[in-house]
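A.B. asks: Sending over a structure as structure tokens; questions will come in a sec.
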Amino acid sequence: MQSFKIIQPSPILRRYIRHYWILQSDMANAAPERTFPLGCIQLFFHKKKRLFSQTHHKIQPRYFVCGQEKGYTDICADGDIEMLVVVFQPYAAKLFFRQPLSLFQGENIAIEDVEDRELTELVHKVADTGNNIHCINLIEQFLLHRLVVCSDYNIDRLSAVIQDINLNPYLDVCKLANTTCLSTKQFTRIFTEYIGTSPKEFLRIIRVQRTLFLLQQNPPYNFAQVAYSCGFSDQSHMIREFKLFTGYTPLAYLSVYTPISDYFSNP
């Protein structure tokens, strides 16, 4: 038996938090699942058994910050799973973690290694609370406290940049820097510190997520048109990038999975 729920944040946090999700499962010997780079920093709470990464040959920490991912990961679960996950807006997580998010790139950093006393206290409270809605309330209290004591003008700047990226698949780093009235070097430094990966790498992730979204929306598939609509130079470019981030060509992917973009389907 498996249950998956997406829960929306309170109105005051919607600008910063995309959503929370809760997964509960008691399936033994379940087949591995493949995850792809999402483009968002995430905060994970494992309340029962933890997941094992076949790709990295290690079990996930019980509570951790998931940085911007560099490629696909195969994970497996066996037995009682209960996960609560906070998905931040791409530009927002630095408000709450108070350190350059580039430090988390490609890593699942255990909360005890983040060296944040208030975050560690939150983890203990969540661990001691059985009801997941109450857990989300505790998380929101923590986030709201951080929001009150922090202000950052770069959030407005980067929020506008992310909105542009979401709407226009043909933007590049120079155009984005011009939008923010920064030099390319300044823009790249600030973007990487706040988003957790470079502008170039983020654009690559979003192109693949956009590809998944179009494949989700528009069968039968014209791959050349999909490539053009997602900002790739041609169909071959799309296939190379898609395989790099998912492990499959688009055609092979469609034979295994029903396409869905967590980035564009679950804003």
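The values are calculated or read from the model by the stated rules, or taken from the named source; none is laboratory data. As the structure is a prediction and not an experimental result, all values here were calculated from the model. Quick reminder, even Gly has a Cβ in these numbers, built from the backbone with ideal geometry, and neighbours come from all protein chains shown.
A.B. asks: When the stretch 87-101 is examined, which residues are found to be assigned to a helix (DSSP H, G or I) and modelled with pLDDT of 95 or more? First the steps, then the outcome.
C.D. replies: Restricting attention to the stretch 87-101, the residues satisfying the condition of being assigned to a helix (DSSP H, G or I) are 94-97, 101.
Hit for the stretch 87-101 is L101, nothing else.
A.B. asks: Here's a follow-up. Would you mind telling me which numbered condition in (1) in a helix (DSSP H, G or I); (2) surrounded by fewer than 19 Cβ atoms within 10 Å (Cβ to Cβ); (3) not small (G, A, S) Q209 fails?
C.D. replies: Among (1) in a helix (DSSP H, G or I); (2) surrounded by fewer than 19 Cβ atoms within 10 Å (Cβ to Cβ); (3) not small (G, A, S), the lone unmet condition for Q209 is (2).
A.B. asks: List every residue pair whose Cβ atoms sit under 6 Å apart, with the two residues 6 or more apart in sequence or on different chains, where the first one lies in the stretch 93-119 and is over 22 Å from Q141 (Cα atoms) and the second, anywhere, is of a type in the set (S, T, N, Q) and modelled with pLDDT of 95 or more.
C.D. replies: So the pair list comes out as S102/T192; Q105/Q68; Q105/T197; N108/Q60.
A.B. asks: May I pose another question? Which numbered condition in (1) exposed (fewer than 15 other Cβ atoms within 10 Å of the Cβ); (2) over 20 Å from the mean Cα position of the chain (by Cα); (3) at pLDDT below 95 is the only one that T180 fails?
C.D. replies: (1)
A.B. asks: Which of (1) surrounded by fewer than 18 Cβ atoms within 10 Å (Cβ to Cβ); (2) at pLDDT 95 or above; (3) part of a loop (DSSP other than H, G, I, E, B) is the odd one out, the single condition T197 does not satisfy?
C.D. replies: That leaves (1) as the condition not met.
A.B. asks: Sticking with this one: Looking at the stretch 156-167, which of the residues that are closer than 16 Å to R204 by Cα and touching a residue at least 12 places away in the same chain (Cβ under 8 Å) is surrounded by the most Cβ atoms within 10 Å (Cβ to Cβ)?
C.D. replies: From the stretch 156-167, those closer than 16 Å to R204 by Cα are 161-167; that's our starting set.
After this cut, where a residue has to be touching a residue at least 12 places away in the same chain (Cβ under 8 Å) as well, the list is 161-162, 164-166.
On the way: V161: 25, I162: 19, D164: 14, I165: 20, N166: 16.
The extreme case among them is V161.
A.B. asks: Inspect the stretch 121-129 for any residue being exposed (fewer than 14 other Cβ atoms within 10 Å of the Cβ), assigned to a helix (DSSP H, G or I) and acidic (D, E) and give the result as yes or no.
C.D. replies: Within the stretch 121-129, one or more residues are exposed (fewer than 14 other Cβ atoms within 10 Å of the Cβ), assigned to a helix (DSSP H, G or I) and acidic (D, E).
A.B. asks: Then there's this: Search the stretch 21-66 for residues being out of contact with any Phe, Trp or Tyr (no Cβ under 9 Å at 6 or more places or on another chain) and either part of a strand (DSSP E or B) or among the basic types (K, R) (or both), and hand back the single one that is nearest to S10 (Cα to Cα).
C.D. replies: K47
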